[in-house]
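*Asks:* Following this message is one structure expressed as structure tokens.
The values are calculated or read from the model by the stated rules, or taken from the named source; none is laboratory data. Computed from a predicted model, the values in this text were never measured in an experiment. Note that we place each Cβ from the backbone using ideal geometry, even for glycine, and neighbour counts take in every protein chain shown. Keep in mind that these areas ignore ligands, DNA and RNA; they rest on the heavy atoms of the full protein, side chains included. Shrake-Rupley method; radii C 1.70, N 1.55, O 1.52, S 1.80 Å.
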Amino acid sequence: MTARVAALIAVVMVALSLTLAPATAAKSWPKLVLSRDGHAWSADLGRPLFGAKRRWVPGDGETRTFYARNQSGEDARLRVTFTVSDPTTWLEAGRLRMSVLANGTWTPVRAAGRTGVVHMLARRGEVVPVKVRVRLLPDAGARSMDRSLRFDIAVRLTELSSWKEARA
């Protein structure tokens, strides 16, 4: 093989890799992305919504917002699910309140375990703000010191046709 033929093959290979790379990258984009600020997007939020080192006293409460974007190319169903570990039974006793705001309505998380909280329509390309509010009620008392509660939030995007069929 001459040097000219080898150089020509190398140029063709580089040109092919440059034209194929964007198409391959586009196919690998996730259909659902999340953001803390509505500008920087990724497949997950990367760190906890509420800081793990945060210490709460009775009467404290905070609301955090994250954003979900449907980039599937079609309208879809967005589902927000909580998984709560509550060995202290704060939720069931009413000492701690957790709720999610989506579609203009606050939906409470009432018990430990896996709780499907919110189902909503997410139009193609739409950015949906999801607010999570946690409140430790004033009557939680001193016995609540040194307790902790862990919860995970999962956000899932599914086909709209299966949602319509399930609701029919």
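*Asks:* Work out from phi, with θ = phi - 60° and the Karplus expression 6.51 cos²θ - 1.76 cosθ + 1.60, the ³J(HN,Hα) of each residue of the range 65-74, listed in order in whole Hz, and give x for Gly and Pro.
*Replies:* 10, 10, 10, 10, 10, 8, 10, 7, x, 8
*Asks:* Considering only protein heavy atoms and a 1.4 Å probe, what is the carbon-and-sulfur percentage of the accessible area of the range 32-162? Don't jump to the answer; show the numbers that get you there.
*Replies:* Numbers: 3510 of 7600 Å².
Roughly 46 percent of what the probe reaches on the range 32-162 is carbon or sulfur.
*Asks:* List the residues whose amide H sits under 5 Å from the amide H of L32, counting only those 5 or more places along or on another chain, with H placed 1.01 Å from N in the peptide plane.
*Replies:* Q71
*Asks:* A follow-up question, please. From the phi angles alone, apply the Karplus equation (6.51, -1.76, 1.60; θ = phi - 60°) to the range 97-104 and give each ³J(HN,Hα) in whole Hz, x where the residue is Gly or Pro.
*Replies:* Coupling constants for the range 97-104: 10, 10, 8, 10, 9, 7, 6, x Hz.
*Asks:* Moving on to the next point. Can you tell me the relative contact order of the range 32-162? Whole percent, Cα pairs under 8 Å, sequence separation 6 or more. List each step's numbers first, then the result.
*Replies:* Values: 275 pairs, mean separation 45.3, N = 131.
It rounds to 35 percent for the range 32-162.
*Asks:* Quick one: Cα centre-to-centre distance for the range 86-144 and the range 36-79, in angstrom?
*Replies:* With the range 86-144 and the range 36-79 each reduced to a Cα centre, they are spaced 13 Å.
*Asks:* Oh, and also: Leaving ligands, DNA and RNA out of it, rank K31, K131 by accessible area with a 1.4 Å probe, largest first. Could you put the intermediate results ahead of the total?
*Replies:* Values: K31 135, K131 75 Å².
Most to least solvent-accessible, the answer reads K31, K131.
*Asks:* Along the charge dipole of the range 32-162, which of V155, F82, W41 sits closest to the positive end, that is, farthest toward it, with unit charges on the beta carbon of Lys, Arg, Asp and Glu (+1, +1, -1, -1)?
*Replies:* F82
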